[in-house]
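Below is one structure; the comments refer to it alone.
The values are calculated or read from the model by the stated rules, or taken from the named source; none is laboratory data. All figures in this text were calculated on a predicted structure; none of them were measured in a lab. Glycine gets a Cβ as well: all are built from the backbone with ideal geometry, and neighbour counts include every protein chain shown.
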Amino acid sequence: MISFGPIPSRRLGKSLGVNNIVSPKACSYNCVYCQVGKTKRHTKEREAFYRPEVIYQEVQQHLRRLKPDDYPDYLTFVANGEPTLDIHLGKAIEQLKKLGIPIAIISNGSLLTKKDVRDSLSLADWVSVKVDAADEENWKKLNRPVAGLTFEAYLSGLHSFADEFTGILCTESMLVRDYNDAAGHLERLARLVKEFHPDKSYLSIPTRPPADNRADAPIAKQLIMAWQFFNNEGLNTELLTGFEGKHTGYTGNAFDDILNITAVHPLREDTMEELLWNDKSDTSVISSLLHMRLIDKVKYKGKIFYYRQYRPI
Ligand code: SF4
């Protein structure tokens, strides 16, 4: 259950997901808008999850099963939680680099005060760090960090990493209505993001069912305002506000594909239909997975989404 996809990504083209965090979800944050549900293990301590050789072998086998058209542009660490909690992340990247595909990591950036975390991320070709808040109050309200993390240390870690990293650095700011979308905050957020000199700044909105039902997208006026503030700072800014496409990679095993993708990425009904078609399967797989309580479904903004269910351990 380590690799999944590839799934279409506006940022990375075809991205083969690598989920290096063993369930249940472990993260230093518990963001109100998280698409993989509430954080089950709220922690800032790094630990061992999978062995790097196991990650390498699973990704290598997954690549062998893909059709040539599905060969990914990136191997992307997008985890069931925060990928830098994995103490073996650096070794896993070193192994995966043997496959000759660029490595991307989507991180919340909260552990970058630790030199070993910065060293691990520095091995990647493309790194996105989360910058949702310009001040401690908004940070705590939106990202809900684990006790022991401070906003000051988080910013200092981001500065250090931005200074050291030689690959492509992106920031991602999730905008949530009535949390961080006030004009004054958006202006300060743009100024803060500029301090990290990102190659690209993404502004995103919740498009999948969030951990907290109150987390909704800002109204269009606030989004445009955010875009303008970011552009005024000279930031290369892109809005990620839409559906990224319904074609996902498939391996011929619908049961595994659905479990692997939904662990980190809820599947919209039409995406699910295409996946089943490609895997030469049918809706009986969904019924079985629902019956076994391995997945569940929810209606969000008029669309049905399927997401991974974990039994309590
Ligand atoms: S959105 Fe990312 S950082 Fe926030 S709780 Fe979810 S996994 Fe953690």
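Odds and ends about this structure:
- Sole exception among (1) out of contact with any Gly (no Cβ under 6 Å at 6 or more places or on another chain); (2) closer than 30 Å to GLY148 by Cβ; (3) buried (at least 24 other Cβ atoms within 10 Å of the Cβ) for LEU75, by number: (2)
- Unmet criterion (only one of (1) crowded, with 19+ Cβ neighbours inside 10 Å; (2) free of Cβ contacts under 8 Å to residues at least 24 places away in the same chain; (3) within 25 Å of ILE103 (Cα to Cα)) for TRP139: (3)
- ASP257 touching a residue at least 12 places away in the same chain (Cβ under 8 Å), crowded, with 20+ Cβ neighbours inside 10 Å and part of a helix (DSSP H, G or I): yes
- Options GLU45, GLU58: the member that is part of a helix (DSSP H, G or I), of a type in the set (Asp, Glu) and outside the structural domain of LEU275 (by TED's automatic domain parsing): GLU58
- Candidates HIS62, HIS42, HIS88, filtered to the one that is more than 15 Å from the ligand (Cβ to nearest atom), modelled with pLDDT of 95 or more and either on the phi < 0 side of the Ramachandran plot or β-branched (Val, Ile, Thr) (or both): HIS88
- Residue check for SER287: part of a loop (DSSP other than H, G, I, E, B), outside the structural domain of ALA26 (by TED's automatic domain parsing), at pLDDT 85 or above and among the small types (Gly, Ala, Ser): no
- Of all the residues in the stretch 8-27, those that are more than 10 Å from ARG41 (Cβ to Cβ), in contact with a Lys or Arg (Cβ under 7 Å, 6 or more places away or on another chain) and surrounded by 20 or more Cβ atoms within 10 Å (Cβ to Cβ) number 0.
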